[in-house]
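Following: one structure in structure tokens, then a few remarks.
Derivation of every value follows stated rules applied to the coordinates shown; laboratory data play no part. In this text, all values refer to a predicted model and were calculated from it rather than measured experimentally. Cβ sites come from the backbone with ideal geometry, for glycine too, and all protein chains shown count toward neighbours.
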């Protein structure tokens with residue numbers, strides 16, 4: 001079993017855990033756990049394959065991925081009550097999934113096109129899309145809009161893998177390095193609250209203020 | 001016209017009705033009815049085709065599906081005021097669409113791969129995705145997070161079809177049986193409030209409680 | 001460089017600006033600007049290519065589109081504080097993107113299938129999907145649910161292009177005419193508050209009222 005395949009299973013499994021944890025926070029039933037775990041687990045890779053034209057997508061070709069998601073859903077269903085803070089655990093598993101998947105996305109994008117730009121974008125999209133779907137479907141506040149560094153970690157991992165393999169590093173080594181970089185960036189952000197300077201001039205006006213000022217018409 | 005084609009038109013039509021009913025609840029204009037009816041009607045099947053690599057997708061090959069959606073939008077636009085509870089009707093049409101589409105999705109997934117696991121997943125995704133899109137786009141509370149059984153009905157229908165055809169039942173008969181199973185499960189849930197035991201230990205803390213407890217940083 | 005390619009770059013660029021403006025309203029960091037600008041810029045065209053089976057999608061084949069999005073994100077990051085109403089500017093750029101992209105979508109749909117119905121649908125989907133993604137990801141109220149005419153403008157542009165080219169007008173001329181029509185319809189709606197008669201009988205009951213009336217079960 002090669003490195004990228006291991007990464008792929010690992011990424012699917014940890015994202016599936018975050019989907020199941022979101023289901024437990026919303027007190028869904030067991031089928032809800034299976035559904036959210038599967039969608040979160042395979043979402044990012046599905047988008048990657050569709051964009052690159054690799055159809056049918058990876059889990060249609062190899063349904064073991066679905067069984068991995070189902071196993072994670074069951075595991076969380078029976079153990080989540082033991083955990084003090086499921087949301088904090090969700091964020092840490094999400095960080096691990098982000099690290100595994102930004103490298104997988106970059107590797108597939110690079111292999112398909114040879115373009116570093118495409119590798120960066122498929123890396124970031126693959127790493128973030130599962131979490132975006134999970135948050136949309138479970139009504140959690142989007143992880144994208146959280147103040148600490150998030151997309152940057154995926155970009156750092158995808159960039160490290162791309163530069164390292166283009167410079168001739170063996171893929172397995174480059175993947176290990178890139179995962180470490182991505183996880184340290186996102187983990188540091190979670191542990192220490194790392195942020196980039198945010199756009200500060202001013203926040204957008206709310207819908208009500210826009211109506212009051214005549215920028216948006218009242219209905 | 002074979003059984004699966006009839007099912008496909010039926011699934012598109014009833015999901016289109018639910019999209020148009022959501023548009024009427026939000027008091028959109030006629031074009032809004034057409035848009036929501038079309039997206040809801042063709043959403044699930046589009047995801048199915050993209051995942052299975054059947055591109056271009058079904059309604060590009062056969063645009064009659066779009067005309068079916070448009071006809072349903074017009075029908076609802078001119079008759080919705082006659083209906084006492086449009087949301088209840090939306091839920092029942094959604095149940096019919098779910099039943100038709102979980103079988104269509106499973107049939108196409110099984111035909112494309114021969115894998116029962118893939119058939120279950122494409123069945124569930126096809127049956128639920130149109131409603132997910134409708135709820136996201138119209139700002140309705142997601143049907144996925146409702147307390148009564150929902151995804152389970154799609155899973156039951158997809159499973160019935162898969163097992164029955166694998167056991168040698170003629171596809172048309174298997175489809176009829178599976179639709180009946182899915183519709184009875186979801187219909188029973190709507191009529192009698194059937195639920196599975198939900199995950200009970202405790203609900204997730206709200207964003208505010210997470211901030212208070214230091215699990216999420218305040219901005 | 002032919003007309004449609006220019007249109008494509010223009011559509012991507014102006015939608016990228018709207019994504020970056022949404023990022024500035026939410027006070028995201030620079031990477032957040034890049035992410036939202038890229039997803040909004042390439043979202044509609046990605047859906048169009050996936051639906052039509054043109055995989056890999058356009059920006060994978062030609063990554064210059066990504067660089068265009070990145071440039072727009074940087075531009076907005078450093079200039080947005082100069083603008084009095086970023087939301088109003090967002091709506092106008094969105095109108096320009098809608099006009100460019102409804103024509104691009106219709107042109108690709110028509111070229112791929114020869115069907116006017118398909119051209120109308122791919123035109124509308126391409127023109128609206130980037131904005132839908134932007135609003136979902138940034139938590140803005142959906143532009144689809146705004147009271148003034150929106151989807152109609154995309155439909156008018158896609159229809160004008162389709163009819164004009166089918167009647168034998170040269171594509172470049174038809175594209176120019178269709179863009180003007182779409183932009184005037186949406187621009188007029190923004191400037192003068194044009195609306196179609198909305199569905200009036202009554203709005204949908206809220207979730208609370210549905211529970212009170214026993215149409216939705218309380219949990």
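Taking the stated definitions as given, is residue C:77 in contact with a helix residue (DSSP H, G or I) (Cβ under 6 Å, 6 or more places away or on another chain), in contact (Cβ under 8 Å) with a residue 40 or more places away in the chain and surrounded by fewer than 23 Cβ atoms within 10 Å (Cβ to Cβ)? When the stated conditions are applied, residue C:77 passes them. When residue A:89 is tested against (1) in contact (Cβ under 8 Å) with a residue 60 or more places away in the chain; (2) more than 9 Å from chain B (Cβ to nearest Cβ); (3) surrounded by 20 or more Cβ atoms within 10 Å (Cβ to Cβ), just one condition goes unmet, and that condition is (3).
When residue C:113 is tested against (1) at negative phi; (2) more than 10 Å from the chain's Cα centre (by Cα); (3) within 12 Å of chain A (Cβ to nearest Cβ), only condition (3) is not met.
When the range B:136-157 is filtered for residues that are more than 10 Å from every other protein chain (Cβ to nearest Cβ) and under 24 Å from residue C:144 (Cα atoms), only B:143 remains. Residues in the range B:26-45 that are at the interface with another protein chain (Cβ under 9 Å from one of its Cβ atoms) and buried (at least 24 other Cβ atoms within 10 Å of the Cβ): B:28, B:32, B:33, B:34, B:35, B:36, B:38, B:39, B:42. Being under 26 Å from residue B:196 (Cα atoms), in a helix (DSSP H, G or I) and within 19 Å of the chain's Cα centre (by Cα), is that true of even one residue in the range A:44-64? Checked the range A:44-64: no residue is under 26 Å from residue B:196 (Cα atoms), in a helix (DSSP H, G or I) and within 19 Å of the chain's Cα centre (by Cα).
Of everything in the range B:46-69 that's touching a helix residue (DSSP H, G or I) at 6+ places or on another chain (Cβ under 6 Å) and more than 7 Å from every other protein chain (Cβ to nearest Cβ), which residue is surrounded by the fewest Cβ atoms within 10 Å (Cβ to Cβ)? It comes out as B:58.
State whether the residues of the range B:4-25 include one that is away from chain C (no Cβ under 14 Å) and without any contact (Cβ under 8 Å) to a residue 40 or more places away in the chain. Yes. For the range C:118-142, the set of residues classified as part of a helix (DSSP H, G or I) and surrounded by fewer than 19 Cβ atoms within 10 Å (Cβ to Cβ) consists of C:136 only.
For residue A:32, the requirement of being in a helix (DSSP H, G or I) and in contact with a strand residue (DSSP E or B) (Cβ under 9 Å, 6 or more places away or on another chain) is met.
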